[in-house]
Amino acid sequence: MSLTPVPVALRALLDSVPGPTPAETLPLAQCAGRVLAEDVVALRTQPPFANSAMDGYAARAADLESGKELKVVGESAAGRGFSGPVGPGETIRIFTGAPIPDGADAILIQEHAEGVGSPVIRVTKPANKGQFIRPAGLDFGAGEVLLKAGRRLDSAALGLAAAAGHPTLAVRRKPLVAILATGDELVLPGEPVGPDQIVASNSFALAALVEQAGGTALDLGIARDNHPDLAGKIEAALKARADVLITLGGASVGEHDLVQAALKAQGMALGFWKIAMRPGKPMMMGRLGPMVALGLPGNPVSSIVCGHLFAMPLVEALLGIADLERDRSEPAILASDLPANDERQDYLRSTVETIDGERRVRPFAKQDSSMLANLSRAEALVIRPVFAEAAKAGDPCRIIRLR
């Protein structure tokens with residue numbers, strides 16, 4: 001079987017998603033980080049009335065000439081406006097956010113008024129009509145679409161939805177991602193480690209990536225290298241109605257790599273297997289009824305890199321993220337030489353530093369796919385396209401930020 005190029009594999013994976021998860025309505029306070037299932041339309045106009053942008057005095061612009069004295073006839077504060085009109089030669093003490101009284105069409109900021117706090121003030125610098133006044137609807141008007149479906153709700157979006165009058169929002173249900181580690185050699189952290197065993201780490205890393213992307217991780221534990229145990233764990237994922245099953249390990253070609261056969265025995269239709277990338281070549285994808293199955297390599301770095309490149313976009317696709325097709329890479333400059341590349345696209349773990357305003361990346365000398373310590377220190381993945389020519393320090397490159 002020939003190797004599938006990374007863009008082709010990613011497109012096939014995203015196309016395998018049956019559609020976004022159903023919507024659920026949550027209180028605004030529970031919507032941080034969630035993804036909108038519907039557009040957010042303003043239920044009110046903001047601001048609902050013209051108000052002052054500064055502390056000072058509201059008056060008629062015609063009266064705000066240098067040296068002119070004005071009689072202070074009232075006060076307008078936020079939440080407690082002045083009810084009467086402002087006549088010629090009169091002014092109203094006003095504070096930021098307070099309604100503009102009838103008759104006033106400019107604000108004299110208090111720095112340009114002599115006698116602040118007195119019954120009469122004197123203008124020291126003129127103010128123009130409309131100056132320091134926020135008109136009604138400056139921010140948005142009732143009925144305006146403020147946020148589009150597919151937007152992830154950050155602090156600014158939540159604040160906007162609240163200001164628009166929404167106590168609840170329709171958001172996508174978090175995709176449920178079942179994670180299954182496989183292998184006789186694995187034990188959980190804290191358990192006794194036999195002479196031929198290692199501590200399982202991938203499931204914890206992938207769960208973190210799933211949660212970071214906006215999903216809910218369901219840990220199915222460790223399946224041993226036998227068909228009955230694998231079948232039981234796969235059935236547990238189906239019973240839980242998981243949107244995705246991520247298997248870790250057992251996807252290669254050895255006689256102990258049983259995951260693909262176990263999934264096929266449950267009815268999985270294989271989408272692709274073996275990717276033209278390093279690390280991560282043995283990755284596979286298929287559909288098991290409504291559930292997407294994503295088989296990641298067992299090597300820790302391979303599984304985490306594949307998690308960044310494939311698992312996180314898969315979760316975002318299930319959430320209906322609006323900018324799913326965005327280019328996730330960024331430009332940078334190499335800080336060291338690199339040899340020519342072969343038929344597999346490389347993702348080199350690298351550090352990042354800024355020198356003279358340029359972002360420079362330096363790949364680690366050792367890139368073995370078992371080295372978690374290197375990955376934990378990496379700040380980016382340098383992308384080396386297939387058959388890329390040798391590169392020199394100072395050459396441009398593309399990177400994917402890890403943190």
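Looking at region 137-214, which trypsin sites (Lys or Arg not before Pro) are in a loop (DSSP not H, G, I, E or B) and have at most 15 other Cβ atoms within 10 Å?
Details: sites: 148, 151, 152, 172, 173; in loops: 148, 151, 173.
Here the trypsin sites (Lys or Arg not before Pro) that fit, given the DSSP loop and packing criteria, are 148.
Quote the charge dipole size of the chain about the Cα centre in Debye, to the nearest 20; the model charges only the Cβ of Lys and Arg (+1) and of Asp and Glu (-1).
Working: 41 positive and 45 negative charges, 71 e Å.
Computed charge dipole of the chain: roughly 340 debye.
Evaluate the charge dipole of region 357-403 about its Cα centre and quote only its size in Debye, nearest 20, assuming +1 on the Cβ of each Lys and Arg and -1 on the Cβ of each Asp and Glu.
Details: 10 positive and 5 negative charges, 35 e Å.
With only Lys, Arg, Asp and Glu charged at Cβ, the dipole is about 160 debye.
For residue 105, which sequence-distant residues (separation of 5 or more, or a different chain) have an amide H within less than 5 Å of its own amide H, given hydrogens modelled in the peptide plane?
59, 60, 61
In deg cm²/dmol and to the nearest 500, what is the mean residue ellipticity at 222 nm of the chain if only DSSP H runs of at least 4 residues count, each as -39500 (n - 2.57), divided by the residue total? Could the numbers behind the result be given before it?
Numbers: 8 runs with 72 residues, N = 403.
Result for the chain: -5000 deg cm²/dmol, rounded to the nearest 500.
Just to compare against my own numbers: the Cα pair-distance distribution for region 1-96, 5 Å bins, whole % per bin, please.
Result returned by the calculation: 2, 9, 12, 11, 8, 7, 7, 6, 6, 6, 6, 4, 5, 5, 3, 1, 1, 0.
Can you compute 3J(HN,Hα) from phi for each residue in region 346-363, using the Karplus curve 6.51 cos²θ - 1.76 cosθ + 1.60 with θ = phi - 60°, rounded to whole Hz and x for Gly and Pro?
Computed from phi, the couplings for region 346-363 are 8, 10, 8, 5, 8, 8, 10, 9, 10, 10, 6, x, 9, 7, 10, 10, 10, x Hz.
Quick check: the distance between the Cα centres of region 340-376 and region 104-118, to the nearest angstrom?
60
Out of 281, 239, 68, any idea which swings most in a Gaussian network model of the chain, alpha carbons joined below 10 Å?
It is 68.
Return the inverse of the average 1/r over all pairs of distinct C-alpha atoms in region 46-164, which is the Kirkwood hydrodynamic radius, in Å to one decimal.
Working: mean 1/r = 0.0656 Å⁻¹.
For region 46-164, the Kirkwood estimate is 15.2 Å.
Under a Cβ-only charge scheme (Lys and Arg +1, Asp and Glu -1), can you give me the dipole magnitude of region 208-361 about the Cα centre, in debye to the nearest 20? Display every interim value, and only then the final one.
On the way: 15 positive and 20 negative charges, 107 e Å.
In total the dipole reaches around 520 debye.
So, how do all the Cα-to-Cα distances of region 117-252 break down into 5 Å bins, in percent, from 0 on up?
2, 8, 12, 12, 10, 8, 7, 7, 7, 5, 4, 4, 3, 3, 3, 3, 2, 1, 0
Give the lysines reachable from residue 274 as a straight Cα distance under 25 Å; neighbours fewer than 8 places away on the same chain don't count.
Leaving aside lysines fewer than 8 places away in the same chain, those within reach of residue 274 are 233, 264, 366.
Using a 10 angstrom cutoff on alpha carbons, build the Gaussian network for the chain and name the most mobile of 72, 244, 40.
Comparing 72, 244, 40 in a Gaussian network model of the chain, the most mobile one is 72.
Got a sec to turn the phi values of region 387-403 into Karplus ³J(HN,Hα) couplings, 6.51 cos²θ - 1.76 cosθ + 1.60 with θ = phi - 60°, whole Hz, x for Gly and Pro?
Result, ordered by residue: 6, 5, 6, 4, 10, 10, 4, x, 6, x, 8, 10, 10, 10, 6, 9, 6 Hz.
Over the chain, what is the relative contact order in percent, taking alpha-carbon pairs closer than 8 angstrom and at least six residues apart? Could the numbers behind the result be given before it?
On the way: 944 pairs, mean separation 65.5, N = 403.
Answer for the chain is 16 percent.
Could you go through region 51-58 in sequence order and give the Karplus-derived ³J(HN,Hα) for each residue, using 6.51 cos²θ - 1.76 cosθ + 1.60 with θ = phi - 60°, rounded to whole Hz, and x for Gly and Pro?
Each residue of region 51-58 in turn: 9, 7, 8, 9, 6, x, 9, 8 Hz.
Rg and Dmax of region 228-385, Cα atoms, in Å?
Answer for region 228-385, Rg first and Dmax second: 17.7, 59 Å.
FYI, it's all coordinate maths here, none of it is from the lab. All values derive from a computational prediction rather than experimental measurement. Positions of Cβ are backbone-derived with ideal geometry, glycine not excepted, and every protein chain shown enters the neighbour counts.
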